[in-house]
Amino acid sequence: VTGVTPHSVGLAWTVPEGQFDSFMVQYEDSDGQLQVVPVAADQREATVPGLEPARGYRMLVYGLHGGQRLGPLSVGAVTERSALFSVLPHPAPLPPAPATESPQEPRLGELTVTDVTPSSVGLSWTVPAGEFDSFVVQYKDRDGQPRVVPVAADQRAVTVPGLEPNRKYKLLLYGLHQGRRVGPLSAFAVTAPREEEEEPSEPPTTTPEPPVKPLLGELTVTGSSPDSLSLSWTVPQGQFDHFLVQYKNGDGQPKAVRVPGHKDGVTISGLEPDHKYKMHLYGFHDGQRQGPASATGVTAAEEETPSPAEPSTEAPEPPEEPLLGELTVTGSSPDSLSLSWTVPRGHFDAFTVQYKDRDGRPQVVRVGGEESEVTVRGLEPGRKYKMHLYGLHGGRRVGPASTLGLT
């Protein structure tokens, strides 16, 4: 404790090693309600305002790092007695303050649940007016203990991790402005049930290897129309529980689209013609968020319908749809398979080759639209692989053409 006044307590702390993402100070007010003061990562001190005179407080300081909360450090403090009570026998009326035009008070809008997993809940909200200094999301864990997730002022969405499967949570959002707390907005969410693991048909003969942490690869724009963008991505290793694509609409409001973990592409619709969008892809695994992988795409310009000088006598021919032919294994080595394929008609924007590795995890190899062959490397000797070829055209996936190969 570095200092006290009738209405505030000053605190300071040290960080012997490492760097935190941010800090927060928690205490209970006179009504027993939990209050939170967020502190930036580069600060090592804070003044807690809005306290009552001559009252004892227990201050808790937490450090936040990588979505986890460390601490707390704890200290007791007693605010000073108010000078008015010690000098004046009776409260004296204060002169009226001159009228000044106050800045626009920020206002919270709506709180929405955007997605759920067995261990997390995604939230988004709106701020119709003003600007907050920061936000906090509060909820209670299974033991009834309050938990807090701080959110930066420029964010309008957050994922609350570390929850329990198939459990109902009441989530409260507060906005913090000039040391005061506005709100809350509240929403209920039920986490998804835990997915049952498949029992192996045969008992394992060797000690299972620890699960591989999934890795997010590259995000690519594969097609566009006046009101949509098609995206595809790679996952070089592992498997995500689900994905989230985030972007901002024409009004600058954040939007989010949830995609199942077994997908490697999505079409984002409802966009504006001839507009540039920056797309961010996040992968979620065991309640943790990885990414983003980012890509910029421009929607196509809206085509104006020409007024024909003369009525058309023939119906226009529809555009030729590309057709996927046969997939063939053209060669093999101990750690690779060579593939080739035919396209009897049309032209694809790109191709993807999919197969499963020894642990049953899907793997993807992306190939340009002008290619008709590829060598898939990194395989295991003496092993049979089933290869699937997909063609990508106009944001849609055609196929698969499939074949078996033995290294």
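Numbers at a glance
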{"quantity": "Out of 373, 326, sole residue that is touching a residue at least 60 places away in the same chain (Cβ under 8 Å) and within 28 Å of residue 223 (Cβ to Cβ)", "calculated": "326"}
{"quantity": "Filter pass, residue 37 being at pLDDT below 85 and under 18 Å from residue 2 (Cβ atoms)", "calculated": "yes"}
{"quantity": "Among residues of the stretch 210-250, those that are acidic (Asp, Glu) and within 20 Å of residue 368 (Cα to Cα), counted", "calculated": "1"}
{"quantity": "Every residue from the stretch 122-164 that is under 21 Å from residue 242 (Cα atoms) and either more than 18 Å from the chain's Cα centre (by Cα) or part of a strand (DSSP E or B) (or both)", "calculated": "122, 123, 124, 157, 158, 159, 160, 164"}
{"quantity": "Close pairs from the stretch 263-287: first under 21 Å from residue 396 (Cβ atoms), partner of a type in the set (Asp, Glu) and not in a strand (DSSP E or B), Cβ under 7 Å, at least 6 apart", "calculated": "269/227; 270/227; 271/227; 273/227; 273/302"}
{"quantity": "Tally, over the stretch 238-262, of residues that are surrounded by 13 or more Cβ atoms within 10 Å (Cβ to Cβ) and under 15 Å from residue 364 (Cα atoms)", "calculated": "4"}
{"quantity": "Of all residues making up the stretch 136-146, the number that are modelled with pLDDT under 90 and among the aromatic types (Phe, Trp, Tyr)", "calculated": "0"}
{"quantity": "Subset tally (residues that are part of a loop (DSSP other than H, G, I, E, B) and either among the hydrophobic types (A, V, I, L, M, F, W, C) or at positive phi (or both)) for the stretch 22-53", "calculated": "4"}
{"quantity": "Residue check for residue 32: loosely packed, with under 14 Cβ neighbours inside 10 Å, within 17 Å of residue 182 (Cα to Cα) and either out of contact with any Phe, Trp or Tyr (no Cβ under 8 Å at 6 or more places or on another chain) or in contact (Cβ under 8 Å) with a residue 12 or more places away in the chain (or both)", "calculated": "no"}
{"quantity": "Residue check for residue 101: modelled with pLDDT of 85 or more and assigned to a loop (DSSP other than H, G, I, E, B)", "calculated": "no"}
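Per-residue answers, yes or no, for (1) in contact with a Leu (Cβ under 8 Å, 6 or more places away or on another chain); (2) part of a strand (DSSP E or B); (3) at pLDDT below 90:
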| site | (1), (2), (3) |
| --- | --- |
| 306 | no, no, yes |
| 310 | no, no, yes |
| 397 | no, yes, yes |
| 400 | yes, yes, no |
| 404 | no, yes, no |
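The values are calculated or read from the model by the stated rules, or taken from the named source; none is laboratory data. Here the structure is a predicted model, which is why all the values come from computation and not from measurement. Cβ sites come from the backbone with ideal geometry, for glycine too, and all protein chains shown count toward neighbours.
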